[in-house]
Structure formats: C-alpha cells, structure tokens
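Colleague: Provided herewith is a single structure, encoded as structure tokens, for subsequent inquiry.
Where a number appears in this text, it was derived from the coordinates with a stated rule and is not lab data. Nothing here was measured: the structure is a model prediction, and the numbers come from that model. Please note: Cβ atoms are built from the backbone with ideal geometry, for glycine as well, and neighbour counts cover all protein chains shown.
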Amino acid sequence: ATPMSIMVSVGRAAQMGVLVKNGEALQTASKVDTVVLDKTGTVTLGKPDVTEIEVLTHDEELDQNHLMQAIGSLEQHSEHPLASAMVAKAKALSLVMQEPESFDNYQGRGITGKLNGNSWAIGNTKLMTEQGVSGLSQVDELLEGWAAQGKTPVYIARNGVLVGVIAISDPIKPDAAQAIARLKANGIKVVMLTGDNEKTAKAVAAQVGIEDVVANVLPDEKQAEVLRLKAEGRIVAMVGDGINDAPALVSADVGIAMGSGTEVAIESADFTLLSHQLTTLGDALALSRATMGNIK
Ligand code: ADP
Ligand code: MG
C-alpha cells in the first residue's frame, strides 16, 4: 500500500473507533490468521462483582462480615480488578477498612498480608499451594459449580488455614459471541489466554464460541504463548487490556489494546479499540484487508 492509502485508512479506522498508532501494523493486520484474546476486560466487561461468600471456619468470631472486612482491608492495596470487586463488596456491606501491618502482591496469584497479628493469603490455587495451605479439596464441588458458571473462585486463608471462598463474576460482553463468530468465518483461529483457572476460562470460552483456551498463565507466559504461535508461522494479533498483557501485546505481530484498558497496555499496542465492543476488532481487520487489496 502507498503511504497515502495508509493515511486514508488510518483516518477511516479512527471513524470506526480504532486508533492506529502504527501504520505499518495496518499492513500486517491484513495477514492476521490468529487472534489471541485476553479474557478479563477483553471478552468480559472487566466489571467483576462478588456474587458468593462462603465462610468455612467454625470460629464464631469469623462471620461473613469479619471475613469481608479482612479481605477488603488487604485488597484495598492491590490494583487488580478482582481486588476492586472485593473492596467494593466490603464497602457495600458498610464495613470499615483497617490498615494492614504488611502487604505483598504475587503477580497472577493473589496477595498476602498481616492484619491484627493474623497472616492472610487471598488468591488462587497456586498461591495457596505456595503458602502451604491445605484442605482445598473440601470446596472442590462448590468451586466446580461456580466455575461452570464462568465465575472465578478466590480462596481465603488465615494463619495457613482455609477459612473462606468467594466467587467473582464478570459478565461477558454482549457482542463477544458475534465478534468471534465473524473472525472464525474469516478463517481466523481464535485463542483465549488468561491468568484465570482453566474451568472458569473454558466456561466463558464455550459461551462465546472459542475452543482454544490457554489458562493459568502468568504474564511472561502470555508473551511466551504469543511467541510460540508466531514460531508456528502464524501471524498473530493479540488483544488485551491489562498490565499483564503488555509484553504479549509488544510481541504480537499486531498488538491491540482495549481503550478501557490500562495505560501500559495502550502504550504497548499498535491499535486501540476505542469502544469496549469487540466487533470493532473485525472492522479493523476488514479495513486492513481492504487497504491492502485496493492499492498494491
Ligand atoms: P487475568 O487478568 O488474565 O485474569 P492475572 O494474572 O491478573 O490474570 O490474575 C490471575 C489470577 O490470579 C486471578 O484469576 C486470581 O485468581 C489471582 N489474583 C490476582 N490478583 C489477585 C488479587 N489481588 N486477589 C486475589 N486473587 C488475585
Ligand atoms: Mg484483562
């Protein structure tokens, strides 16, 4: 394509809600045969909500409110979207947050901290295993049910003992299934990539028509998966919104950020989708094909 035709297409893209930062990527986009989608905030709305709270201890002092107060007090120091949902829930229950004595963040796993002399760990299976928390299997059945509904389970341990589990739900974008069907109709392989657990990820993927799911991935593993697909000879577009998507966005042939996403993701991407709708993704790829097809 000529520089002129690319300039025209960049303008057209802007009109359809796609900000093109890198004109060269517009040419590459016409050849994309694989689209990798982050789950949270890309396939889902990124507006998670705590929907279930289960207290597991027989300690009468630790009721639902005390549990949510501890969770909120610790999670207020995390910037993860799941943390925001937990803090919002604690606030909605009119609970007063306390200042923890210590706090540590574990990328892709959760958090730990000390509150009133107790050690807390809040996060996924990986974190619980690392922290030596046992007895996770007592909630297997409950968590299977939640995961089947696409909900993300979070374990809560106090002083090494599992004391609670909560479910966090993030609604799927209304246009996600349609957007993915369009990609597939164009012969594009669609892969979902997420730090979330496999069962939850598969339930969400099934609802939007994605068969290929790579779950339980840490941020550097997201990048590794993109590089692996490229090494197979695929031309890969990666779509994401989080800090943890940034390395994968940089490594993809075409990095696409959600406009609702973090600044780091937007800076790392070639395109930004201004609306949170996923259908603009198909529009952008179609535009790039038209650009390259018209003027050779
Ligand atoms: P993604 O954004 O793809 O879901 P992340 O790497 O951000 O992946 O998170 C992966 C998982 O780590 C989450 O699904 C959750 O189980 C756990 N996690 C991350 N941060 C927190 C947190 N602040 N509190 C509890 N769990 C967390
Ligand atoms: Mg995300």
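Colleague: Can you work out the FRET efficiency for the pair HIS66 and ALA203, with r the C-beta to C-beta distance and R0 = 41 Å, to the nearest 0.05?
Modeller: 0.85
Colleague: Let me ask something additional. How far, in nm, would the chain grow between MET16 and GLU101 when pulled straight, counting 0.36 nm per residue and subtracting the alpha carbon separation?
Modeller: Extending this stretch completely gives an extra 25.7 nm.
Colleague: Which order, highest average first, do 150-156, 287-293 follow once you tally other Cβ atoms within 10 Å for each residue and take the mean per peptide?
Modeller: Working: 150-156: 24.3, 287-293: 18.6.
Most protected by this proxy first, the peptides run 150-156, 287-293.
Colleague: Which peptide among 33-46, 256-269 comes first, and what is the full order, when sorted by highest mean count of other Cβ atoms within 10 Å? The partial results should precede the final answer.
Modeller: On the way: 33-46: 24.1, 256-269: 21.9.
Going by the mean number of other Cβ atoms within 10 Å, highest first, we get 33-46, 256-269.
Colleague: Then there's this: Rounding to the nearest 10 and keeping the result within 0 to 90°, find how far the Cα-based axis of helix 176-185 lies from the longest principal axis of the chain.
Modeller: The two axes meet at around 40 degrees.
Colleague: What lysines does LYS230 reach when the alpha-carbon gap must be under 29 Å and sequence neighbours fewer than 8 apart in one chain are set aside?
Modeller: Straight-distance partners of LYS230: LYS21, LYS31, LYS39, LYS126, LYS173, LYS184, LYS189, LYS199, LYS202, LYS222, LYS296.
Colleague: If you add up the charges near LEU74, with Lys and Arg at +1 and Asp and Glu at -1, over every other residue whose beta carbon is less than 15 angstrom from its beta carbon, what do you get?
Modeller: Within the 15 Å Cβ shell, the charges total 0.
Colleague: Once both axes come from the Cα atoms, what is the angle between helix 198-208 and the longest principal axis of the chain, in degrees from 0 to 90, rounded to 10?
Modeller: Taking the Cα atoms of the chain, the angle to 198-208 is about 40 degrees.
Colleague: Given R₀ = 30 Å, FRET efficiency for LYS126-ARG289 by Cβ-Cβ distance, to 0.05?
Modeller: 0.15
Colleague: Go ahead and collect, in residue order, the members of segment 267-296 whose backbone nitrogen is under 16 Å from a label point 7 Å along the Cα-Cβ direction of ALA181.
Modeller: Output list for this probe position: 278-280, 282-283.
Colleague: Expected output is a single nm value to one decimal: the length gained when fully extending between HIS58 and GLU211, i.e. 0.36 nm times separation in residues minus the C-alpha distance. What is it? The partial results should precede the final answer.
Modeller: Values: separation 153, 0.36 × 153 = 55.08 nm, distance 4.16 nm.
Gain in length upon complete extension: 50.9 nm.
Colleague: Under 12 Å from the Cβ of GLY164, count the other residues' Cβ atoms, weight Lys and Arg +1, Asp and Glu -1, and hand me the total.
Modeller: -3
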